[in-house]
Amino acid sequence: MPVKQSIKSKQQFDSALALEKSGDIQGALKLYGKSVTTDPSNSHAWNRQMILFRKIRSKEEEVKLIKTAIGEYQSAAQSRQEEWLKENRQKADSTRELASLLGMLEPSGLPKKYDKILEQWQTRLYLLEYRIKNSRKKKKAPK
């Protein structure tokens, strides 16, 4: 990730946070969206969007956002790993055998990665889908 994009994403995040604090939730959601478009690995912007959807009680929108966030975040992390691998090929080659013996490599050859953010999002997604599936259906009033 180029530094310029990361800085621009951070600036958009800060602007969105200011809008959120002033009460403009829709404007904040748009700016958080721009922030994650600029830098998909900006987990803070993804989290704030999820929180805002939770505040406005839009479970379906939150589910869609979490699914998108998981996919985008994983692809950004994988591209960062591949980028590092290209730049540091010699280091990677010299430690590959040890890493495979220790079980630290995935079948693709990339290092296994434990990401707490992804785990939290997957848990939240599971809970939301469960609540939506098992929620009481509103009965229509007889006329």
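Would you grab the residues whose amide H sits under 5 Å from the one on residue 105? Only those 5+ places off in sequence or on another chain, please, with H modelled 1.01 Å from N.
Close amide H contacts, sequence-distant or interchain: 112.
What angle do you read, to the nearest 10 degrees and between 0 and 90, between the alpha-carbon axis of helix 116-134 and the longest principal axis of the chain?
Here the helix axis deviates by roughly 30 degrees.
Based on the Cβ-Cβ distance of residue 57 and residue 24, what FRET efficiency does E = 1/(1 + (r/R0)^6) give at R0 = 22 Å, to the nearest 0.05?
0.80
So for the chain, Kirkwood radius off the Cα pairs, Stokes-Einstein at 10 °C and 1.306 mPa s: how many µm² s⁻¹?
For the chosen part, D equals 90 µm²/s.
Quick one: helix 25-38 against the long Cα principal axis of the chain, what's the angle to the nearest 10°, folded into 0 to 90?
20
If you take the charge dipole of the chain about its Cα centre, with +1 on Lys and Arg Cβ and -1 on Asp and Glu Cβ, which of 63, 78, 101 is farthest toward its positive end?
Of the listed residues, the answer is 63.
As I understand it, the value is the acute angle between the Cα axis of helix 3-22 and the longest principal axis of the Cα atoms of the chain; what does it come to in degrees, rounded to 10?
20
No value in this document is a laboratory result; all are computed from the given coordinates. For clarity, every value in this text was computed on a predicted model and none was experimentally measured. Positions of Cβ are generated from backbone atoms using ideal geometry, with glycine treated the same way; all protein chains shown enter the neighbour counts.
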